[in-house]
1. Given the residues I116, I31, which is the only one that is touching a Lys or Arg at 6+ places or on another chain (Cβ under 8 Å) and either modelled with pLDDT under 90 or among the β-branched types (V, I, T) (or both)?
2. Considering only residues that are under 18 Å from G44 (Cα atoms), of a type in the set (A, V, I, L, M, F, W, C) and open to solvent by less than 30 Å² (accessible area, probe 1.4 Å), look in the range 108-131 and name the one that is nearest to the chain's Cα centre (by Cα).
3. With respect to T83, is the statement that it is under 21 Å from L138 (Cβ atoms), modelled with pLDDT under 70 and either open to solvent by 20 Å² or more (accessible area, probe 1.4 Å) or of a type in the set (V, I, T) (or both) true?
4. Considering every residue within the range 101-120, establish whether at least one is in a helix (DSSP H, G or I) and either in contact with a Ser or Thr (Cβ under 9 Å, 6 or more places away or on another chain) or within 17 Å of Q50 (Cβ to Cβ) (or both).
5. Test V27 against the criterion of being in contact (Cβ under 8 Å) with a residue 60 or more places away in the chain and touching a helix residue (DSSP H, G or I) at 6+ places or on another chain (Cβ under 7 Å), and give yes or no.
6. Considering every residue within the range 109-127, establish whether at least one is touching a residue at least 12 places away in the same chain (Cβ under 8 Å), of a type in the set (D, E, K, R) and closer than 16 Å to Q21 by Cα.
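The values are calculated or read from the model by the stated rules, or taken from the named source; none is laboratory data. Just so it is clear, the model here is predicted, and its values are computed rather than measured. Here the Cβ positions follow ideal geometry from the backbone for every residue, glycine too, while neighbour counts run over all protein chains shown. These area figures cover heavy atoms from the full protein model, side chains too; ligands, DNA and RNA do not enter into them. Shrake-Rupley method; radii C 1.70, N 1.55, O 1.52, S 1.80 Å.
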Amino acid sequence: IFFRHLLLMLRAKLLQKVLCQVVSDGVSACILMDPEGSIVASAGSEVSNQPLIAAIVSNIWNAYHTTSVPDTLATQSDAEADTDVTPACTALQCMVLDCEHKRMAIAGVPKMILCIVSGTDVEHGLLKAKLLHLKRYLEEPLSRLDID
C-alpha cells in the first residue's frame, strides 16, 4: 500500500511539472480540476485565488454541458448516442473568457476541466494554442483513469 501511495504522489508531481510548462509568457496559472471544481493539480501563482477560479470555471463549463447536451443528443443517430464521449465535448474545444483583470481559457479533458489563467495583455491565440496543446498532451493519460 505504501508503494502504491508513493507512486501516486510521484505521478501527481509529474502532472504538476507538466502544468508548469505553460506558465510563461503572461500565463500566471494552470489548473486541472474535476467537474465539481475540486482542484486535482495546479501550477503557477494565483494560489489563493485558485479555489475561487476553479469554482467559477466548473460552473461555467457545466452550464454549457447542461444547456447543450439535449440539443446535440436530439440530432444524433443511435450509434453515436452509445459512445462514451459526451456530444458537448466534441462540439466545443475551448472557451476564452475575458474578465476585468484576467483572461481564462477553459477546455474539457477526459473526466476533468483544464483552465489557464493569464493577464488581459496575453493574446487570445497564444492562450488558446497553449491550452489546446496541453489538452492534447493530457487526453490520453487522463482517459485511462478509472474515475466515476
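1. I116
2. L114
3. Yes; evaluated as a whole, the condition is true for this residue.
4. No, there is no match, as no residue in the range 101-120 is in a helix (DSSP H, G or I) and either in contact with a Ser or Thr (Cβ under 9 Å, 6 or more places away or on another chain) or within 17 Å of Q50 (Cβ to Cβ) (or both).
5. yes
6. No.
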